[in-house]
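Undergrad: What follows is a structure written as structure tokens; I'll ask about it next.
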Amino acid sequence: MTPVLETRGLSKRFGGVVAVDGLSLTVGQGEIRGLIGPNGSGKTTTVNLLSGLYRADAGEIVVRGERTERLRPHEIAARGVGRTFQVPKLFGNMTVLENVLVPALAAIDRGTERPLPEVLERAGHLLEFVTLQPLRDALAKELSGGQAMLAQIARAFMVRPLHLLLMDEPFAGVHPTIRAVIIESVLRMNREEGVTALVVSHEMPELRRLCSRVSVMHEGTLIAEGTLDEVANDARVLEAYLGR
Ligand SMILES: Nc1ncnc2c1ncn2[C@@H]1O[C@H](COP(=O)(O)OP(=O)(O)O)[C@@H](O)[C@H]1O
Ligand SMILES: [Mg+2]
């Protein structure tokens, strides 16, 4: 089966810093893959390349068989790639519901919109799902960090059809109750709608519940892949984390 995501030789430098250095990564259909690695290993840069926020200096990104490394963020979203940001990016002076409706508005611009009643029903359902229904009319700037993460997740799920969800540190600084909601939401979307996910995180208990396999980055490249237990015992991984 064609992988949902494949990168080959993906590279990005910032001045003298090579943030991503020839990364080749493959994520199969229906997988929830963890992406781990020490601070500064290039995880966020990778997510920014995959979502089109950064332009790669070299290499290829293939989403469901289509090259995307030259596309802009909205063109990548239109191909079914949604994302969340570590520091939530929402329109602060818009309500939670309005933020969640943004992907549906973008679809109008592309001429691929769905009927309004269906869009509103889906948004209501997703807000329910991430426990934000009581806050649907609150302004996004009034949300806690964890609630804002949930709103970003509901917004990503409004991308239709969503094929690949990219999450950058969704659990960082988030209360355990909300962590559980995040895990349940991703597992459910994976089960019910076949959404594939790439989750950048350091939180081992959460990754264990979400992912069967993780990929480990160090200095911009992939140094190991396997179950959490496998990579935790990998000599190169230990070396990368201990900084020897
Ligand atoms: N916008 C940027 N400008 C300059 N350097 C950056 C930028 N983004 C990341 N870097 C550098 O690239 C490297 C990888 O960073 P990053 O992708 O944020 O790592 P991680 O998410 O794994 O902690 C680091 O050395 C970081 O300082
Ligand atoms: Mg990061």
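Undergrad: Go through (1) more than 16 Å from ligand 2 (Cβ to nearest atom); (2) in a loop (DSSP other than H, G, I, E, B); (3) within 19 Å of Leu164 (Cα to Cα) one by one and return the number of the condition Tyr54 breaks.
TA: (1)
Undergrad: A further question on this structure: Has the stretch 22-38 got at least one residue that is in a loop (DSSP other than H, G, I, E, B), under 23 Å from Met204 (Cα atoms), within 13 Å of ligand 1 (Cβ to nearest atom) and not β-branched (Val, Ile, Thr)?
TA: Yes, the stretch 22-38 has at least one match.
Undergrad: Restricting attention to the stretch 211-236, which residues are part of a helix (DSSP H, G or I), of a type in the set (A, V, I, L, M), in contact (Cβ under 8 Å) with a residue 12 or more places away in the chain and open to solvent by 10 Å² or more (accessible area, probe 1.4 Å)?
TA: Leu228, the sole residue that qualifies.
Undergrad: On to the next question. May I ask you to list the residues in the stretch 116-167 that are closer than 19 Å to Gly80 by Cα, within 17 Å of the chain's Cα centre (by Cα) and surrounded by fewer than 16 Cβ atoms within 10 Å (Cβ to Cβ)?
TA: Pro161, the sole residue that qualifies.
Undergrad: Report whether or not Leu242 is among the hydrophobic types (A, V, I, L, M, F, W, C), surrounded by fewer than 21 Cβ atoms within 10 Å (Cβ to Cβ) and either at pLDDT below 95 or within 16 Å of ligand 2 (Cβ to nearest atom) (or both).
TA: Taking the combined requirement at face value, the residue satisfies it.
Undergrad: Ok, one more. Please verify whether Thr26 is open to solvent by 10 Å² or more (accessible area, probe 1.4 Å), away from ligand 2 (no atom under 16 Å from the Cβ) and either closer than 27 Å to Leu238 by Cβ or of a type outside the set (Asp, Glu) (or both), treating the condition exactly as stated. Write out each step before concluding.
TA: On the way: open to solvent by 10 Å² or more (accessible area, probe 1.4 Å): yes; away from ligand 2 (no atom under 16 Å from the Cβ): yes; either closer than 27 Å to Leu238 by Cβ or of a type outside the set (Asp, Glu) (or both): yes.
Yes; evaluated as a whole, the condition is true for this residue.
The values are calculated or read from the model by the stated rules, or taken from the named source; none is laboratory data. Here the structure is a predicted model, which means the values were calculated and not measured. Note that we place each Cβ from the backbone using ideal geometry, even for glycine, and neighbour counts take in every protein chain shown. We work out accessible area using only protein heavy atoms, side chains counted, and drop any ligands, DNA or RNA first. Shrake-Rupley method; radii C 1.70, N 1.55, O 1.52, S 1.80 Å.
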